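Asks: Mind having a look at this structure? Questions to follow.
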Amino acid sequence: PIFAEVRLGQLAVQKGTTPAIRNIGQQMIDDHGKVGDKLQAIATREGFTLPAKRSQDQQATYDRLAALNGKDFEASYLEELKSSHQQAISLFQNESQNGTDPQLRSFAQSTLPSLRHHQQMVSGAIKLM
């Protein structure tokens, strides 16, 4: 989901009709880009490869959002971020508590505050819609 968030953020910067949506999109690009770089560095050190392609679900989500405009796009984008961040928080919490690889466990612990901040930001934007 990290790389998908960057791509959806780019879409929000392009299609967002309000500064709030464009700002959220840019923050997703910046923050998830940094997280992706950190994860890639861990993968390189640990000798595993991250998926290079988006999953079918990620592509379908992108295509669905790309077809929308205006308030329909913004509402759907925020709902997607809310859902994806809930899922990410759950996965990262589990890894931070139960992970067996020390680097990945530390990565999950250090990333959780940013994910929670994003979730609060998105929830606040949804309330304003």
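The values are calculated or read from the model by the stated rules, or taken from the named source; none is laboratory data. Because the structure is a prediction, the values reported are computed rather than measured. With ideal geometry, Cβ positions are generated from the backbone for all residues, glycine too; neighbour counts draw on all protein chains shown. Heavy atoms of the whole protein, side chains included, go into the accessibility calculation; ligands, DNA and RNA do not. Shrake-Rupley method; radii C 1.70, N 1.55, O 1.52, S 1.80 Å.
Asks: Kindly provide the helix-only [θ] at 222 nm of the chain, computed as the sum of -39,500 (n - 2.57) over DSSP H runs of four or more divided by all residues, to the nearest 500 deg cm²/dmol?
Replies: Numbers: 5 runs with 109 residues, N = 129.
Result for the chain: -29500 deg cm²/dmol, rounded to the nearest 500.
Asks: I would also like to ask the following. Taking only Cα atoms, what is the 0 to 90° angle, nearest 10, from helix 102-128's long axis to the longest principal axis of the chain?
Replies: The two axes meet at around 10 degrees.
Asks: Tell me, what are the semi-axes, in whole angstrom and largest first, of the equivalent ellipsoid of the chain as set by the roots of 5 times the Cα gyration tensor eigenvalues? Write down the numbers at each step before the final one.
Replies: Values: eigenvalues 144, 51, 28 Å².
For the chain, the ellipsoid semi-axes come out as 27, 16, 12 Å.
Asks: Leaving out ligands, DNA and RNA, and with a 1.4 Å probe, what % of the accessible surface on the range 2-129 is carbon or sulfur? Present the calculation step by step, with values, prior to reporting the outcome.
Replies: Numbers: 3740 of 7380 Å².
Solvent-exposed carbon and sulfur of the range 2-129 make up 51 percent of the total.
Asks: Among the listed pairs 34/127; 15/82; 15/38; 38/71; 15/127, give every one whose C-alpha distance is greater than 26 Å. List each step's numbers first, then the result.
Replies: Details: 34/127 28 Å; 15/82 18 Å; 15/38 28 Å; 38/71 34 Å; 15/127 20 Å.
Those over the limit are 34/127; 15/38; 38/71.
Asks: Also, quick follow-up: In square angstrom, what is the accessible area per residue of the chain with a 1.4 angstrom probe? Walk me through the intermediate numbers first.
Replies: On the way: 7460 Å² over 129 residues.
It amounts to 58 Å² per residue over the chain.
Asks: Toward the positive end of the charge dipole of the range 34-92, about the Cα centre and with charges on Cβ (Lys, Arg +1; Asp, Glu -1), which of 87, 52, 67 goes farthest?
Replies: Selected residue: 52.
Asks: Of 100, 17, which has the most accessible area and how do the rest follow, probe 1.4 Å? Could you put the intermediate results ahead of the total?
Replies: Working: 100 135, 17 80 Å².
The most accessible residue leads, giving 100, 17.
Asks: In addition: Got a sec to turn the phi values of the range 59-68 into Karplus ³J(HN,Hα) couplings, 6.51 cos²θ - 1.76 cosθ + 1.60 with θ = phi - 60°, whole Hz, x for Gly and Pro?
Replies: Result, ordered by residue: 5, 5, 5, 4, 4, 4, 5, 5, 7, 9 Hz.
Asks: Tell me, what is the 1.4 Å probe accessible area of residue 121, in Å² to the nearest 10?
Replies: Spelled out: residue 121, probe radius 1.4 Å, area about 50 Å².
Asks: Further question: How about the range 5-90: which trypsin sites (Lys or Arg not before Pro) there are in a DSSP loop, with at most 11 other Cβ atoms within 10 Å of their Cβ?
Replies: Working: sites: 7, 15, 22, 34, 38, 45, 53, 54, 64, 71, 82; in loops: 53, 54.
Counting only loop positions with at most 11 other Cβ atoms within 10 Å, the trypsin sites (Lys or Arg not before Pro) in the range 5-90 are 53.
Asks: On a 0 to 90 degree scale, rounded to 10, what angle separates helix 2-15 from the longest Cα axis of the chain?
Replies: Relative to the chain, helix 2-15 is tipped by roughly 20 degrees.
Asks: What distance in nm separates the simple spin-label points at residue 49 and residue 101, each placed 7 Å from Cα in the Cβ direction?
Replies: That separation, rounded to one decimal, is 1.5 nm.
Asks: Kindly give Rg over Rh for the range 57-100, based on alpha-carbon atoms, with the Kirkwood expression for the hydrodynamic radius. If you can, show how the numbers build up before the last one.
Replies: Working: Rg = 13.9 Å, Rh = 11.8 Å.
Answer for the range 57-100: 1.18.
Asks: What accessible area, in Å² to the nearest ten, does a 1.4 Å probe give for residue 44?
Replies: So the heavy atoms of residue 44 present about 100 Å² to solvent.
Asks: Rank 21, 126 by accessible area, highest first, at a 1.4 Å probe radius? It would help to have the intermediate numbers written out before the result.
Replies: Values: 21 5, 126 45 Å².
I get 126, 21, largest accessible area first.
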